[in-house]
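The values are calculated or read from the model by the stated rules, or taken from the named source; none is laboratory data. Everything quoted here is computed from the prediction, not taken from an experiment. Please note: Cβ atoms are built from the backbone with ideal geometry, for glycine as well, and neighbour counts cover all protein chains shown. The protein model used for the area step is the full one, side chains on, heavy atoms only, and it has no ligands, DNA or RNA in it. Shrake-Rupley method; radii C 1.70, N 1.55, O 1.52, S 1.80 Å.
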Amino acid sequence: MKNIVRSVLLVFLVQIGLSAQESTISGYIRDASNGETLIGATLSLENDATGTITNVYGFYSLTIEAGQYNVVASYLGYEDQIISVDLQSDKTLDIELKLQSNKLQEVVVTAEEKDKNVKDIQMSVNKLDIKTIAKIPTLLGETEVLRSIQLLPGVTSVGEGAAGFNVRGGSIDQNLVLLDESPVYNSSHLFGFFSVFNPDAVKDVKLYKGGIPARYGGRLSSILDVRMKEGNNKGFEANGGIGTIFSRLALEAPIVKDKSSFIVAGRRSYIDILAQPFLSDDLGDTALNFYDLTLKTNYKFSDKDQLFLSGYFGRDNFSFGDAAGFNWGNATTTLRWNHLFSQKLFFNLTSYYSNYDYKINFGDTDLDSFDWNARIINYSVKPEFSWFINPESVLRFGGQSIYYIFEPANAVAVSNGTTVDISVDEQYALESNVFVEHELSFWDRFKVNYGLRLSRFDYFGGRDVYTFQETEPGQEKLLVDQQFAERSENVANYTRLEPRFALNVSLDETSSLKASYNRTAQYIHLLSNTTASTPVDIWTPSTNNIVPQMADQVALGYFKNLSDNNIELSAEVYYKKFNHLIDYIDGADLILNEYVEGQTTEGDGRAYGLETQLKKNTGKFSGWISYTLARTERQINGINNDEWYPSRYDQTHNLSLVGFYELTKRLTLSANFAYITGTPTTFATSRYTQQGIVIPNVDNNGRNNVRIPDYHRLDLSLTLDPKDRPNRRWKGQWVFGVYNVYARRNAFTINFGQEDGRVPAGQPVNTEATRLSVIGSFIPSVSYNFKFK
């Protein structure tokens, strides 16, 4: 034991001695035109592989032996900057990069470094540059974040207009969507056709599908990390657009030049305004619109301290005067403090507030009415440290606490003047975690990122607590006890250890093998048994009756760069095992049901597949082809005879083609094509007829026994960029597009019904299938985008 202690002390003293001969250079890398930090920019020694990249806040730290160096700062689409540094002691160096003049109009598929695909430790991660997203053809010509990521391997949705997205067989609630680190619980406007993210305010979009670092958690399937712009701290800038159904405007400017800035971005749709002349008098007060407002400001107190404050406020409104209405929306606020304890130790403290709510009302008299509202509220504090030990070693550690308030239903009904309160009591919970992760490079060929995340969930009282007894599988549980618990009482708690590991083995300068493993725990759940998620689906915590969901995922991938790193090839295989997946008995009633826990059940799942992508990053022609071959299955006791069955998100084949072609310096033709296997659904296999009424029946209690027709669609757009006039402050861009070019009527659902009217005795009752297509024709569009600077 003494020998071990001596050895450890010797190694420690040697490292101290070595570190005394080293110096650290650190700072931020920014865009010279607007002061925005550049995420993933590289700082390296000239003619040397030694280097580092900036973190999500644009900060870098590089520790090397004392001496004189030429350091190179680079970022794809920007001019490299070479700086001579006499590094005899620690030094702070902030760098500003200029856009390459010949890249101003060219489509760049990714803003990351050319060899990042091969060299980076991360796998199962996709990053899209907002300029690339803006060029992808979309519905009505509007720049769309969520619909763009659905063109990436392993990402799908259950149909046209479905809210959210699915990743590697997971449901939409298994994706953690973050906007400036604050969770967004409903990421869609207009039932899924548009996302809540205003492209004029978005700087960076990153999707983690696997190999999730230990600093992230709370969901089983993915992390979508969306970072907002800080605002132009060099001068005033206005961006906006006028589209077919909504317009947008973003203003950004310095408050104190190079020290403080702000951005304010807003959007509003005007379907109801355009439709107003065609509505009858009794529908004159109809509201069919959505809006959102995104704000952010920052202040640099010193070279070591900077404060950021951001917020999002958005809402969808569907109402018909005072007689009926339905609206929902998100509100988030994030406060961040960046602090440098030293040249090597970076600290970020984040606190946020998040609120998602919806409201429904019917009736406009005191005699008959119905009002219902529900919400989920979060308060969180998250400290995080990054210790840049040396170019080969980065240690990150921190923690987080999230306090939840669940309001399932505040509902009051009035019938003939009699008021009935049918509300469901609030629920309270606390989720906490600590994590540590270490990224290490060694032997010039190996990189690893290993870490641990310890999470805990506490479910508190403040309402009646129910105890259910299991009955036959697939049947409603029996209520055996109901007692009130004080709000401070800990009703149930769960602790989970979540190990994470990633490995990169460099085969040569242009290829590598990567592997990863991650375990994730999810403590909150979305109760939904509809075809696609709806805004009125209910969030619920893990309780004494609902245990946390768990997932273990392994992945192995081959990555290759070609043509001087301009072409990227990747192929990944993955296997994901789910435990304690929440499901429902047949006929479950999830709405306004205080005993809903008795109608839930749980089971296991598995998802496995192959994801491939071929991507060309720059040039007159750029884009990517992605193909996914996958299976997603569930096994729930009491459902499908306890046998495995395809889940609602099982799509065997998923092919996406995205291309951009520069016809001229100003004119770009864009196209994307998607082909997806039809999603599973349940059809009756037999029927009974009773007094002329058809009663469908599913033999053997089967589930998801057929598939709807395959989905495929082609979109085209033509973008006309402004003339290259450096002294002109106003620049306009026209986008002409056609969505669903060949008018494919993709099925969203297929329903069955019997013919109208009474059927004479002895005659057969005819039934028919009706296919619902959300979009049944091609949709042309034109939009105008502008920038004033």
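Brief remarks follow.
- Inter-label distance, nm, simple model (7 Å from Cα along the C-beta direction), GLU470/VAL256: 6.3 nm
- Close amide H partners of ARG648, meaning residues 5 or more places away or on another chain with modelled amide H under 5 Å apart, do not exist here.
- Convex hull per residue volume in Å³, alpha carbons only, for region 734-789: 115 Å³
- In sequence order, calculated HN-Hα J values of region 226-237 (Karplus, 6.51, -1.76, 1.60; Hz; x Gly/Pro): 9, 10, 8, 5, 8, x, 5, 9, 9, x, 6, 8
- Projecting the Cα positions of ILE750, GLY451, ILE524 onto the charge dipole of the chain (unit charges on Cβ atoms of Lys, Arg, Asp and Glu, taken about the Cα centre) puts GLY451 furthest along the positive direction.
- 5 angstrom amide H check on ARG463, placed H, neighbours 5+ away: ALA485
- Eligible aspartates and glutamates near LYS127 by straight Cα distance, threshold 17 Å, same-chain separation 8 or greater: GLU112, GLU113, ASP115, GLU144, ASP180, GLU181, ASP204, ASP225, GLU568, GLU572, GLU611
- Trypsin sites (Lys or Arg not before Pro) within region 593-625: DSSP coil, no more than 15 neighbouring Cβ in 10 Å: LYS620
- Label assignment, Cα extents along the principal axes in Å derived from the structure, set (i) 179, 70, 44; (ii) 149, 65, 53; (iii) 98, 73, 50: (iii)
- Accessible surface, region 477-579, averaged per residue in Å² (probe 1.4 Å): 41 Å²
- Calculation over all alpha carbon pairs of region 381-515 in 5 angstrom steps from 0 returns a P(r) of 2, 8, 11, 11, 11, 11, 9, 8, 7, 7, 6, 5, 2, 1, 1, 0 percent.
- Distance between region 292-322 and region 596-658 - C-alpha centres, whole angstrom: 34 Å
- Sparse packing (at most 13 other Cβ atoms within 10 Å of the Cβ) combined with a DSSP loop state is found for the following trypsin sites (Lys or Arg not before Pro) in region 471-534: ARG487.
- Once the Cα gyration tensor of region 651-778 is diagonalised, semi-axes √(5λ) in Å: 51, 17, 10
- The calculated P(r) of region 561-717, using every Cα pair and 10 Å bins from 0, goes 9, 24, 26, 19, 13, 7, 2, 0 in percent.
- Rounded to 10°, Cα long-axis angle of helix 2-20 versus longest principal axis of the chain: 70 degrees
- Computed 3J(HN,Hα) for region 409-426, one whole-Hz value per residue from the Karplus formula 6.51 cos²θ - 1.76 cosθ + 1.60 where θ = phi - 60°, is 6, 10, 10, 9, 10, 10, 10, 6, x, 9, 9, 10, 8, 10, 5, 10, 4, 5, glycine and proline marked x.
- Sparsely packed loop sites in region 307-399 (the chymotrypsin sites (Phe, Trp or Tyr not before Pro) outside DSSP H, G, I, E and B with at most 11 other Cβ atoms within 10 Å) comprise PHE341.
- In region 568-653, taking the dipole from charged Cβ atoms about the Cα centre, the farthest positive-side position among TYR574, ALA630, ASN617 is held by ASN617.
- Restraint check, LYS116/LYS206; LYS119/LYS229; LYS131/LYS620; LYS98/LYS300; LYS209/LYS514, Cα-Cα greater than 24 Å: LYS119/LYS229
- The chain - mean residue ellipticity at 222 nm from DSSP helices (-39,500 (n - 2.57) per run, n ≥ 4, rounded to 500): -1500 deg cm²/dmol
- Of the solvent-accessible surface of region 439-485, computed with a 1.4 Å probe over protein heavy atoms with every protein chain present, carbon and sulfur atoms account for 52 percent.
- Theoretical FRET efficiency, 1/(1+(r/R0)^6), r = Cβ-Cβ of ASN766 and TYR595, R0 41 Å, to 0.05: 0.55
- Residue-wise HN-Hα couplings along region 570-587, as the Karplus relation 6.51 cos²θ - 1.76 cosθ + 1.60 with θ = phi - 60° gives them from phi, are 9, 9, 10, 10, 9, 9, 10, 10, 9, 10, 6, 5, 7, 8, 9, 5, 4, x Hz; Gly and Pro carry x.
- Nearest-0.05 FRET efficiency for TYR558 and GLU65, computed from C-beta distance (R0 45 Å): 0.80
- With the simple spin-label model, which puts each label point 7 Å out from Cα in the Cβ direction, the ASN47 to LEU655 separation comes to 5.0 nm.
- Net charge, ILE405 excluded, C-beta distance under 14 Å - Lys, Arg +1, Asp, Glu -1: -3
- DSSP bridge pairs, the chain: antiparallel proportion in percent, nearest 5: 95 percent
- Its Cα centre serving as origin, the chain has a Cβ charge dipole (Lys and Arg +1, Asp and Glu -1) of approximately 2700 debye.
- Carbon plus sulfur fraction of accessible area for region 523-562, probe 1.4 Å, in percent: 63 percent
- Cα shape, region 618-669, gyration tensor, a/c 1.5 rule: prolate
- Positive-end residue of ASN641, THR467, GLY58, charge dipole of the chain with Cβ unit charges: GLY58
- Amide H within-cut-off set for LEU507, under 5 Å, with H built and near neighbours excluded: SER512, LEU513
- Pairwise centroid distance, computed over Cα atoms, of region 679-698 with region 181-201, Å: 38 Å
- A viscosity of 1.002 mPa s and a temperature of 20 °C, combined with the Kirkwood radius over C-alpha pairs in the Stokes-Einstein formula, give region 326-441 a diffusion coefficient of 121 µm²/s.
- Approximating the spin labels as points 7 Å out from Cα along Cα→Cβ, the VAL505-to-ASP444 distance works out to 1.8 nm.
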